[in-house]
Amino acid sequence: MAAGKGTRMRSTTPKVLQPILDRSIIDYVLRSVFEAGIKPENVGVLVGSGGELVEQHLRENFPSELNILWQHEQLGTGHAVKSAREFWTNYDNLIVLNGDLPLIKPESLKNFINESGGNDCTVISFNAKHAKQYGRILREENKIKIVEFKDATPEQRKIHEVNAGCYAFKVKSLEEVIDLIKNDNAQKEYYLPDALYLMNEKNMQTGAFIFPEEEMQGINNQSELAQASRVMRKRISEKWLEIGVRMPVPESVYISPDAKLSQGVVIMPNVQIWGESEIGENSYIGSGSILTNVKIGSNVKIIAYAVIENSELKDNSKAGPFCYIRDGSCLEEKSFAGKFVELKNSKIGENSKVPHLSYMGDATLGHDVNIGAGSITCNYDGVHKNKTFIGNNCFVGSNTMFVAPVELSDGAATAAGSVITQAVPENALGVGRARQTNIKDWSILHNHLIKPQPKGEN
Ligand code: UD1
Ligand code: MG
């Protein structure tokens, strides 16, 4: 169920699209469902409030077999399930899951599905430290009832066993009661939990399994979202610590659920690793670095404060501190991009170095190239992005401007301060700068002109 208004989030983004790390709430729920072994063609997601956005997100991120169902008016969870009747009516069993339960683990869901078969309806409950506004579980002999917080008596509100929002129904039994759910309650909504009370009336079997609170917290406001993010972040860090990643301060590190790390990786404080990033063995990610969709080989050293996006750093390469590597760039093995260097869509060949203050855009560098400090590619002429090719073993003098498109053949060099507008042939030195002229006795003349005048008489 992902159709609710999410009013308490106080946000224009639909609740189930709110982020935890770099994925949406609904992504975590669906991943757990799929990992628990349920096939996408047997899953329906109910959308409604902000439904176009939610539908688009689901179509872009999940298999096309996933069923998207619409609840056009949000009249409560009972009404939501009823709106999806066409989808579930031909199954024997139905699991209903709140869309705001991102912390539920696949193993728990699997256990619940395997164990819940006997009853007409079984729910997941948990013992809440602060029971807040959760529906309270009323246990009576072998049955359970759920009373919503807003309808509960002061006595009932003291109960700490609460409804998590995950239900296993026998479809035949659900069909007998779904049309009987009324909205004569404090919120004037059709409550799905009322199905249990109606089933009890018909002498059907109802029950609740208690699961750990950590997995079952619903998200209804920003504070609960932040709390869930903390839990998820910790879970992910712990998974990597277990395989031998070293993080001196894991609480300061953010790792996407989609990232893959290897043994011996070191992640220093305040690092963020997003998207489908991969980091190979024994690589070191220095403080303050932000990596998004990167492929990092083994023994790579990112010194500190590097921002790297959609790029690859091969084995034994080095980057930073303070560099920005983006949009399809590649550091080949043993190459280096250093201080205040920006790379865009550029390849730095094996063992080549761009150590300081450079911009390489749309450039391809061969192996064993050295780029002097302050050199840049002038790759954009205002209309087109043009390419720079620098061959193997080239030596680029400091502050060289490559006015692209331009090419240096193998072994070529440029003189410091050159503006290179033409190809430099193999082993040649390209000099593209004004010749120096010295003005004789300039200082003496200059000093005379600016010499302070003696103070006046008066
Ligand atoms: C619900 C339960 C409560 C339980 C809690 C657990 C009801 C009436 N109450 O309360 O017993 O303790 O979850 O977290 O079910 N939704 C729709 N259509 C609607 C209304 C809601 O699809 O018309 C969806 C929401 O998007 C959400 C889920 O159902 O994903 C639960 O709705 P929410 O408003 O969060 O219910 P709670 O107040 O949390
Ligand atoms: Mg909720």
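I need the calculated FRET efficiency for the pair ARG31 and THR89, taking r as the beta carbon distance and R₀ as 22 Å, to the nearest 0.05. Calculated transfer efficiency: 0.25.
Solvent-accessible surface of the chain, averaged per residue with a 1.4 angstrom probe and all protein chains in place: 50 square angstrom. Calculate the spin-label point distance for GLU224 paired with LYS188, positioning each point 7 Å from the Cα along the beta-carbon direction, and give it in nanometres. Here the modelled spin labels are 2.3 nm apart. Based on the alpha-carbon gyration tensor of region 1-46 and its eigenvalue square roots a ≥ b ≥ c, which shape applies: rounded if a/c is under 1.5, prolate if not and a/b is larger than b/c, or oblate? Here region 1-46 falls in the oblate category. Summarise the accessible area of region 7-216 (1.4 Å probe, protein heavy atoms) by the percent that is carbon and sulfur. Carbon plus sulfur share of accessible area: 46 percent. Could you give the distance between the Cα centres of region 331-392 and region 397-428, to the whole Å? When both Cα centres are located, 12 Å separates them. A 1.4 Å probe, protein heavy atoms only, puts the accessible area of LEU180 near 80 Å².
In summary, the aspartates and glutamates within cross-link reach of LYS110, defined as a Cα separation below 13 angstrom excluding same-chain residues under 8 places away, comprise GLU35.
For the residue pairs LYS39/LYS260; LYS129/LYS234; LYS182/LYS202; LYS170/LYS234; LYS39/LYS182; LYS239/LYS347, the alpha carbons lie more than 28 Å apart in LYS170/LYS234; LYS39/LYS182; LYS239/LYS347. When +1 charges are put on Lys and Arg Cβ atoms and -1 charges on Asp and Glu Cβ atoms, the dipole computed for the chain relative to its Cα centre reaches about 1440 debye.
Over the chain, Cα pairs under 8 Å with separation of 6+ residues give a relative contact order of 8 percent. Taking each residue as 0.36 nm, the span from LEU449 to LYS385 lengthens on full extension beyond its C-alpha to C-alpha distance by 18.2 nm. Label positions at GLU73 and ARG235, each projected 7 Å from the Cα along the C-beta direction, are separated by 3.7 nm.
Look at the dipole of the chain built from charges on Cβ: of PHE209, LEU357, SER256, the Cα furthest out on the positive end belongs to LEU357. Note on region 222-430: with neighbouring protein chains present and a 1.4 Å probe, carbon and sulfur make up 51 percent of its accessible heavy-atom surface.
The values are calculated or read from the model by the stated rules, or taken from the named source; none is laboratory data. Since the structure is predicted, the reported quantities are computational estimates derived from the model, not experimental observations. With ideal geometry, Cβ positions are generated from the backbone for all residues, glycine too; neighbour counts draw on all protein chains shown. The protein model used for the area step is the full one, side chains on, heavy atoms only, and it has no ligands, DNA or RNA in it. Shrake-Rupley method; radii C 1.70, N 1.55, O 1.52, S 1.80 Å.
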